[in-house]
Structure formats: C-alpha cells, structure tokens
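The values are calculated or read from the model by the stated rules, or taken from the named source; none is laboratory data. What you are looking at is a predicted structure, and each value in this text was computed from that prediction instead of being measured. Cβ: placed from backbone, ideal geometry, glycine included. Neighbour counts: every protein chain shown. Each accessible area value is taken on the protein alone, full model and side chains, heavy atoms only, with ligands, DNA and RNA left out. Shrake-Rupley method; radii C 1.70, N 1.55, O 1.52, S 1.80 Å.
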Amino acid sequence: MISSSSPTQPKDLVVEVPESSAAEVAAAFEAARTAQKAWASGPAAARAAALAAAADAVAGAADELAELAVREVGKPLGEAKGEVARSVAILRYYAQQVFDPIGAVHEPSAQGLLFTRRRPLGVAGMITPWNFPLAIPLWKAAPAVVLKPAPEATACALRLAELVAPCLPDGLLAVVPGDADAGQAVVAAADVVSFTGSVAAGNAVAVAATKRGVAVQAEMGGQNPAIVLPDADLDAAARQVAAAAFGFAGQKCTATKRVVVVGDAEVAADFRGRLVAAAEAMVVGDPAEADVTVGPVIDEAARDRVVATAEDAVRSGGRVLTGGSAPDRDGWFVAPTLVEGVPADHTLACDEVFGPICLLQAAADLDEAIALANAVPHGLAAAVYTRDLATSLDAAQRLEAGLVKVNAPTSGVDFYLPFGGEKASSIGAREQGKAAQEFYTTTHTITVAPA
Ligand code: NAD
C-alpha cells in the first residue's frame, strides 16, 4: 500500500491506495498511447480548448487544492495558494503554446520545398517529487502522460487528475501511485521520461531510460549558494536569504543552502547579526495559519537528519548560530538553523540537506566567493547581492548554476523560461517554457521535390 500522512499531524492519514503493479503501469501506457494518437492528429484548437478547460477546473478548486497541499506536504498556506495559481498559469500558457510554430521552411538545395516539422515523441512518463505536488506534475505534463507521483504527495496527484482528466480524451492522463518500483515500471514503458527528485533516484532513472534508448531529463537536487557583497542592501539580502533558506522549511530544490559573505571580519559580523535576526523572525508553526512561513519537514527521518547534521557540525568544530533543535510538539518541526565554521568537507558545505538548515561562509573577495560557491557537485541555482552592475554580470557569468539571480532569492522560477541545472543537478535537456516543446517532440526534415 502507498499511504501518505500529514507531516503537521502525523496521525492524520491523508490517503492510502494500493501500489501500482508493473502490469498496471504498462496498461496505463497502452491506454494513453491509443488516446495520444487521436489527440495529436486532431485540431490544435481542440487541444488548446481542452487545456484551457483544465486550467478553469484547477482554478475552480483553488482553495481545496491549496488546503490539500497544506495538509499532505505541510506547505505554508500562502505558498500553497501561490502554487495553485502558478498551476493555473502553466495550463493557460501551454494552451496557447499549441499555436506556436512547429517547424521552419528552408531554401531547398535543388527545387521544391524543404521544411522541418516537430511531432510528439509519444506518451511521457513523469516521476515527480512531493515538494511541489501540483505545479511540477503540471509543468511536466505534455498532454499524454502517465504520472508517478511521490508517495508523500499521492492525494494531491489523484485530486489533480480528477480535475484535469475529464477535460482530456479518455486515458490521456493517468496517475499510477507507487514508489521506486512503480517509477522503474514507468521508465520501462514510457516513450520519453521526465524526472524530478533527488540525485540518486534521478541517476537511476537516467541510466534505465538510456539503456532503453528513450529520451530522458532529470532535474535533481541543489546546494545553492548566495553571495553577499559589502555594497549590497544588507537588510534586504538578509531577509531574502532567510526566506530562501527557511521558507517551506528549506524544502525547495532552489532553497539557499550556503551564504558566502564577502568582506572583512566586521562586515561578516554585521551580516551574521542581520541574518540571525531575519531567521528568528520567520514564523514556525501550523502551515494552515496565514502568517506561518516555516511548517514541518516532510517526515521524521527528514527532521532527524537536520538535527543530526547540526550536532555533527558542532562536533566538527562549527557553531550553531540559531536553531539546531526540534521543538517539543506534534509534527516534524525543526527550528530554522544557521551554522558556521565547519570544515570544507562537511556535509553542509558539500551535500543537499533537504530541510531548514543553512551554512554561513566567509570570503575575502569575489574570486574566493565564486570558488566557494562552485566547489560543490551541484549547480542548480545561485544568487548574488550587490549594487554594482559589472560585479553582478561578472558573477552571473562565472557561477556554475542553471539559474542565477541578482538581488533576488535563489528560490522561485519563471515557468515560461527554460529551467534546469548544471553539473550533478541535471541530466538532459532543460524543461518548462519553449524548452518543453523541444524535449517532448522530435524534428522531421521533409523534402518535397517536383513530380
Ligand atoms: P526522491 O528522489 O526520493 O523521489 C522523487 C521521485 O522518484 C518519487 O516519485 C519517487 O517515488 C521516485 N523514485 C525514487 N527512487 C526511484 C527509482 N530508483 N526509480 C524510479 N523512481 C524512483 O525525491 P523527493 O524526496 O520526492 O524530493 C526531494 C528531492 O527532489 C530533493 O533532492 C530536491 O532538491 C529535488 N527536487 C528537484 C527539483 C528540480 O527541479 N531540480 C524540484 C523539486 C525537488
């Protein structure tokens, strides 16, 4: 069985459903394949209308979906409402993308007509994480889809499909609850695979898909740095870094995991004070309450990992500047935790710890800060805080990250632009925006010579 319970009230069982077998997953792909052929050869206007109707269905259930995300994954209510609004915008955007050009006409080398035309690769297998339980399934959802959600977000995926599937031909969108086994069954049956989740699972998915010779993209973890230069608006930088590190309990792939402060000891001490104050001003509590910005982490193991990492930081010679412990209350809560002074090979300096814990580092100048920022296997997002245009452009050029923000938090993405990371954070093509059309389709080059 796949069961999902609320991280705020662990006794609250949100859903329990049977895990999909490999045969059930394969059958879902067969049904989707049949539906996809008719869908792809039908009028573009009908596809646009169906996606617009799906957007209306999600918008009509906005409050209910936001409350479900709060309950199932502990997302603070304000962020959950934002995610639903984003999901509606994504559906409306793709409804219009249907009318984009799908090829180009070229001069023939001899006579006749020479053109390219994109056509869909087939039925996409989606394997998604729990932290954006509505927006990620939708931003990946090329219309013919079999979706394997994270077990922890099963109820969100099932409700989303109940709303969206009636707007589409029968079988075109299916949800197959399950975990790694069902995920591998999806990879075994899909025509194209899109994965979001951890580096370890993403690598396993990419290897399996590549062995079958199907296109795969894997968006994985981050260890995202924010560099703060002494000329920045330090108060604004501290507030933004705290929000990006601890909002939704640090459980975004783009959350800030390290802050590198450039300057002498005085600058470092000044920024440290502002950042600790900003972290302590974050409101921890029931994610259903409107002013709460830090809810629980997803489960007991995640909470224990944050606390154990903070304890290990101290054993390794580091200092906990704020947080470091779990409050004595129901639910998987842990205080926003800021650490400094760990050795360069400590987990906090190298690996993603998916929770509200962040490392403060110091650098003498921008070169040293960029070297520190880049000294991890990941390369998803990075931020730079400065008022100097030349410095910001220089840093943006040298940071090894798919997403670089200047005077803006590492977290947050624009759904109509290509999204993805560098190095260990991503495998394959970018997703979202126009990049999605390229990934889910293949180009045919067609020559028509005179008869
Ligand atoms: P996870 O890797 O544990 O699970 C992700 C999905 O993969 C789930 O549906 C899971 O059931 C499935 N899965 C696990 N092992 C598998 C296997 N061997 N074969 C096939 N499928 C498998 O990740 P999670 O805990 O759900 O999410 C948190 C992680 O996701 C973090 O590392 C976070 O950074 C990352 N993430 C990345 C992005 C991005 O766009 N780069 C966005 C959100 C989350």
- Query: Is the range 116-138 home to any residue that is in contact with an Asp or Glu (Cβ under 6 Å, 6 or more places away or on another chain), part of a helix (DSSP H, G or I) and not hydrophobic (A, V, I, L, M, F, W, C)?
  - Reply: no
- Message: Can you say whether Arg71 is touching a helix residue (DSSP H, G or I) at 6+ places or on another chain (Cβ under 6 Å), modelled with pLDDT of 95 or more and open to solvent by 20 Å² or more (accessible area, probe 1.4 Å), as far as the supplied structure shows?
- Response: no
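Determine whether Gly171 is near the ligand (Cβ under 10 Å from one of its atoms) and in contact (Cβ under 8 Å) with a residue 24 or more places away in the chain. Step through it out loud before you land on a result.
Working: near the ligand (Cβ under 10 Å from one of its atoms): no; in contact (Cβ under 8 Å) with a residue 24 or more places away in the chain: yes.
No; evaluated as a whole, the condition is false for this residue.
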- Under the condition of being open to solvent by 40 Å² or more (accessible area, probe 1.4 Å) and not aromatic (Phe, Trp, Tyr), which residue from the range 83-97 is farthest from Asp286 (Cα to Cα)? Gln96
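Just checking, which of Ala180, Ala279, Ala236 is of a type in the set (A, V, I, L, M), at pLDDT 95 or above, over 22 Å from Arg319 (Cα atoms) and more than 9 Å from the ligand (Cβ to nearest atom)?
On the way: Ala180 fails: more than 9 Å from the ligand (Cβ to nearest atom); Ala279 fails: over 22 Å from Arg319 (Cα atoms).
Sole residue among the options that is of a type in the set (A, V, I, L, M), at pLDDT 95 or above, over 22 Å from Arg319 (Cα atoms) and more than 9 Å from the ligand (Cβ to nearest atom): Ala236.
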- Query: Quick one: Tyr94 ticks every box in (1) in a helix (DSSP H, G or I); (2) within 15 Å of the ligand (Cβ to nearest atom) bar one, so which box is it?
  - Reply: (2)
- Message: What's the number of the only condition in (1) of a type in the set (Asp, Glu); (2) more than 24 Å from Ala190 (Cβ to Cβ); (3) out of contact with any strand residue (DSSP E or B) (no Cβ under 7 Å at 6 or more places or on another chain) that Glu72 fails to meet?
- Response: (3)
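Yes or no: Val193 over 24 Å from Ala54 (Cα atoms) and either within 12 Å of the ligand (Cβ to nearest atom) or part of a strand (DSSP E or B) (or both)?
On the way: over 24 Å from Ala54 (Cα atoms): no; either within 12 Å of the ligand (Cβ to nearest atom) or part of a strand (DSSP E or B) (or both): yes.
When the stated conditions are applied, Val193 does not pass them.
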- Note on the structure: (1) of a type outside the set (Val, Ile, Thr); (2) in contact with a Ser or Thr (Cβ under 9 Å, 6 or more places away or on another chain); (3) more than 9 Å from the ligand (Cβ to nearest atom) all hold for Ala185 apart from (3)
- Message: Would you confirm, using the coordinates I've provided, whether Ile102 is surrounded by 19 or more Cβ atoms within 10 Å (Cβ to Cβ) and either touching a Leu at 6+ places or on another chain (Cβ under 7 Å) or under 30 Å from His444 (Cβ atoms) (or both)?
- Response: no
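Test Arg329 against the criterion of being closer than 20 Å to Phe246 by Cβ and free of Cβ contacts under 8 Å to residues at least 12 places away in the same chain, and give yes or no.
Values: closer than 20 Å to Phe246 by Cβ: yes; free of Cβ contacts under 8 Å to residues at least 12 places away in the same chain: yes.
It is true that Arg329 is closer than 20 Å to Phe246 by Cβ and free of Cβ contacts under 8 Å to residues at least 12 places away in the same chain.
Check every one of the helices (runs of 4 or more DSSP H) wholly within the range 282-378 and list those with 3 or more residues that are of a type in the set (Val, Ile, Thr) and open to solvent by less than 50 Å² (accessible area, probe 1.4 Å).
Values: elements: 300-315, 347-350, 366-374.
In the range 282-378, 300-315 are the helices (runs of 4 or more DSSP H) which contain 3 or more residues that are of a type in the set (Val, Ile, Thr) and open to solvent by less than 50 Å² (accessible area, probe 1.4 Å).
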- Residues of the range 145-163 satisfying the condition of being away from the ligand (no atom under 15 Å from the Cβ) and open to solvent by less than 10 Å² (accessible area, probe 1.4 Å): none
- Task: Specify the residue that is nearest to the chain's Cα centre (by Cα); the eligible residues are those in the range 196-211 that are more than 8 Å from the ligand (Cβ to nearest atom) and free of Cβ contacts under 8 Å to residues at least 12 places away in the same chain.
- Result: Val207
- Those residues that are open to solvent by 40 Å² or more (accessible area, probe 1.4 Å), more than 16 Å from the ligand (Cβ to nearest atom) and not aliphatic (A, V, I, L, M), I need them from the range 392-436; list them, please. Asp394, Gln397, Arg398, Asn407, Lys434
- Task: Could you run through the range 400-429 and say how many residues are free of Cβ contacts under 8 Å to residues at least 60 places away in the same chain and outside any strand (DSSP E or B)?
- Result: 5
